[in-house]
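Below is one structure; the comments refer to it alone.
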């Protein structure tokens, strides 16, 4: 397992060591001790979620607030997504900045998104199966979000705007400027 830093403080790309032969491949998807040793961060997760989406679906930007905030370790098990994290921690040197990375079944990369970040992804292939490991349990009353097309953030979702498919909830998320983080 290799851990690569990103331009956002405390966000990491995790690249597995893959063992391949004529039968297929094997890799260790996650190892809590290695993760903690390499990042210095808590790698204990309590909830796993899976979503399946079709091309053009954009989920985000979502977050859990307060005591229910969640760090996430995300990956794409089928297809390909453009995954984005936005630092929403006011005291962070990277507050208001975003970073995106393509996660796919082929590249097998994972992306660690710490607590205090907004997170979302857009589906680039016909379908995608997306996995989330979370370090805290979901709490509906602690949901928050930021508009995916916020002018201040100016995120490139790697999709033509006409192809973007949103949930009703994501259509009405507030702007970055409207928040009091």
(message) Of the conditions (1) touching a strand residue (DSSP E or B) at 6+ places or on another chain (Cβ under 6 Å); (2) without any contact (Cβ under 8 Å) to a residue 40 or more places away in the chain; (3) assigned to a strand (DSSP E or B), residue 38 satisfies every one except a single condition; which number is it?
(response) (3)
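Filter the range 125-143 for residues that are out of contact with any helix residue (DSSP H, G or I) (no Cβ under 9 Å at 6 or more places or on another chain) and farther than 24 Å from residue 30 by Cβ; which is surrounded by the fewest Cβ atoms within 10 Å (Cβ to Cβ)?
Here is the first cut: in the range 125-143, the ones out of contact with any helix residue (DSSP H, G or I) (no Cβ under 9 Å at 6 or more places or on another chain) are 125-135, 140.
Filter again for farther than 24 Å from residue 30 by Cβ, leaving 126, 140.
On the way: 126: 10, 140: 7.
Going through the qualifying residues, I end up with 140.
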(request) Pull up the range 32-58, narrow it to residues that are more than 24 Å from residue 128 (Cβ to Cβ) and touching a helix residue (DSSP H, G or I) at 6+ places or on another chain (Cβ under 9 Å), then point me to the one that is surrounded by the most Cβ atoms within 10 Å (Cβ to Cβ). (result) 43
(request) Report whether or not residue 149 is surrounded by 14 or more Cβ atoms within 10 Å (Cβ to Cβ) and without any contact (Cβ under 8 Å) to a residue 40 or more places away in the chain. (result) yes
(request) Tally the residues that are in contact with a helix residue (DSSP H, G or I) (Cβ under 9 Å, 6 or more places away or on another chain) and within 11 Å of residue 63 (Cα to Cα), restricting the search to the range 109-124. (result) 1
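Which one of these is more than 15 Å from the chain's Cα centre (by Cα), in contact (Cβ under 8 Å) with a residue 40 or more places away in the chain and crowded, with 21+ Cβ neighbours inside 10 Å: 79, 118? Full working, then the answer.
Values: 118 fails: more than 15 Å from the chain's Cα centre (by Cα).
Answer to the check: 79.
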(request) Scan the range 43-61 residue by residue and report those that are modelled with pLDDT of 95 or more and part of a strand (DSSP E or B). (result) 47, 48, 49, 50, 51, 52, 53, 54, 57, 58, 59, 61
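Among the residues of the range 62-79, which ones are closer than 19 Å to residue 112 by Cβ and either in contact with a strand residue (DSSP E or B) (Cβ under 6 Å, 6 or more places away or on another chain) or in a loop (DSSP other than H, G, I, E, B) (or both)?
In the first step, residues of the range 62-79 are kept if they are closer than 19 Å to residue 112 by Cβ; the result is 62-64, 68-77.
Once the filter is applied, which keeps residues that are closer than 19 Å to residue 112 by Cβ and either in contact with a strand residue (DSSP E or B) (Cβ under 6 Å, 6 or more places away or on another chain) or in a loop (DSSP other than H, G, I, E, B) (or both), the range 62-79 yields 62, 63, 69, 70, 71, 72, 73, 74, 75, 76, 77.
Being surrounded by 10 or more Cβ atoms within 10 Å (Cβ to Cβ) and modelled with pLDDT of 95 or more: is that true of residue 12 here?
Values: surrounded by 10 or more Cβ atoms within 10 Å (Cβ to Cβ): yes; modelled with pLDDT of 95 or more: yes.
Yes: the conditions hold for residue 12.
Output the number of residues of the range 152-177 satisfying the condition of being over 22 Å from residue 12 (Cα atoms) and in contact (Cβ under 8 Å) with a residue 60 or more places away in the chain. Steps first, please.
Of the range 152-177, the ones over 22 Å from residue 12 (Cα atoms) are 152, 159-177.
Pick out the ones that are also in contact (Cβ under 8 Å) with a residue 60 or more places away in the chain and you get 159, 163-167, 170, 173, 176.
Summing the residues that are over 22 Å from residue 12 (Cα atoms) and in contact (Cβ under 8 Å) with a residue 60 or more places away in the chain in the range 152-177 gives 9.
The values are calculated or read from the model by the stated rules, or taken from the named source; none is laboratory data. If you're wondering where the values come from, they're calculated on a predicted model, not measured in any experiment. Cβ sites come from the backbone with ideal geometry, for glycine too, and all protein chains shown count toward neighbours.
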